[in-house]
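The values are calculated or read from the model by the stated rules, or taken from the named source; none is laboratory data. Because the structure is predicted, anything quoted here is derived from the model rather than measured. A quick note on method: Cβ atoms are made from the backbone with ideal geometry, for glycine too, and the neighbour counts reach across all protein chains shown. The protein model used for the area step is the full one, side chains on, heavy atoms only, and it has no ligands, DNA or RNA in it. Shrake-Rupley method; radii C 1.70, N 1.55, O 1.52, S 1.80 Å.
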Amino acid sequence: MIGFADEALIEVRSGNGGNGCIAFRREKYVPHGGPNGGDGGKGGDIIFTVKRNLRTLAKLRHKHCFKARNGSDGQGWNRHGADGEDCVIPVPPGTTIRDAETEEVIYDFSTAVGDETFTYLVGGNGGWGNVHFKTSTNQAPRQANPGIKGETRFLKLELSIMADVGLVGFPNAGKSSLLTAFTNARPKIAPYPFTTIIPNLGVLRVDDESDIIIADIPGIIEGASEGLGLGDTFLKHITRTSCLIFMIDCSDENYLTAYDTLCNELEQYSDELMEKPRIVLCNKIDVDGAFDRALEIQQKIKEAEPETKVIPVSVMGGRGMKDAQKEIVSLVNELEKRLEEDSFNSSSEKENSFMAGRAYIDEDEDDYVQYPGSE
C-alpha cells in the first residue's frame, strides 16, 4: 500500500495570544507620561482546506503535529503585537475529520465545492496592554492581561474516495480490466487473486463537458464485512458512490451464488450500500458455457430485482461492452438529474419557509408588516 493512505492521526494546536504590555511614556519634557502599553497579537488558527489535486492522506502521516504560530507580545507606544500565522492543513476531497477519542464527526468534506475551508480551532486572543486600565483614579496602571492560550486537539482523519461508480466483485472477477477498458486508469492486472491492493480511480469520458469517475476496490471475499481479506478495509470507499457495478465471473463454479454473497457482505457492512442503484455485469462470456450461465444469472436477478439491469459481457473480448457503457452513463445521468431536482425542491422549500417568516416594509404604510406564519 505504498503511496496510499486513507487514515491519519494528528495533533493540532492553535496559537497562544500575545501578552499585553506594561509601558509608560518617557519623554524629556513629559515627566509623568501616561500608560502606552500595546495589546498582544492574536494566535493563529487551525484551518483545513480541500485541495483537488490531493488523492491520499500520505503527507499527513509524516507530520503528526500541526501548530499555528503564537501572537507576539504588545510593545510600548501602543504598538500592537503581530498576529500569529494560521496553520493551514490541506486534505483531499472526501475527507472526514473526527475526534480521535470519541469518534465524533467534526467536519465532513464529502460535499466540498471548490477549495472549501473549515476553521477548526481559533487562536487565543491577545491580552490588553496597560493603556486600557487607565482610570481617573489610577493614572499609571501597572496592569496588563496575559494572552489567552490556544487549544490542543487530537484528530482522526479518514478518506473516502469520491467517485460516481463503485466496482464490486470477487478477486479476479475482471474489475481492473473493466476499469482499463473504460477509463484512462492503468491498474495492475494479473491472473491471481488480490492483484488490486489499493483503490484505483479512472475517468470515463462521456463528452467534452462531463466525465464519470469509476472506483475499483480490492476484491471482496466471503467474510469481508467481518475483516477477512482486503475488502473490509476499502468498503468505505464505495459508500459515497452514486451507484454500484457488480462484476460476476461466469467461468467460476460459484457463479449462481456470487451475487447473493456480494450483496450479503455489503449489507453486513452498511445498509446504505444495498440501497444504491446497481448494474450487474456477467463477465467472461467468451469461456465455454459461460454465456448460458450469464443468462441463468440474468433470469434469477430479474425475478428478484426487476429494476436491476443485468448485462452479459466479455471485458477482454469486448463483447457487450458498448451496451454496458451505455447503461452506466444512462444510470449516472439519471441519478444526477434526480439529485439536481431534489436540491432544487429543497432550496424552494427553504426559500418559501424564509419568505413566510420575513418582515417587509410596505411602501404605502409606515408600519412593519409581516407575512402570515411569521409569528
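One table, with the values for the structure above:
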quantity	calculated
Residue order for Arg293, Arg69 - accessible surface, 1.4 angstrom probe, largest first	Arg69, Arg293
Accessible surface, 1.4 Å probe, highest first, among residues Lys276, Lys67	Lys67, Lys276
Unit Cα scatterers, Debye sum, the range 77-155: log10 I(q)/I(0) for q = 0.22, 0.23 Å⁻¹	-1.09, -1.15
Projected-area average for the range 3-86 over all orientations - Cα convex hull basis, square nanometres	7.2
Largest to smallest accessible area among Asp73, Asp83 [probe 1.4 Å]	Asp83, Asp73
Net charge over other residues, Cβ less than 11 angstrom from the Cβ of Ser14 (K, R count +1; D, E count -1)	+3
Amide H contacts of Gly37 (H built 1.01 Å from N, under 5 Å, at least 5 apart or other chain)	Ala23, Asn78, Asn130, Val131
Three-way shape call for the range 1-157 based on the alpha-carbon gyration tensor, with the a/c threshold at 1.5	prolate
Prolate/oblate/rounded label for the range 236-287 (Cα gyration tensor, a/c 1.5)	prolate
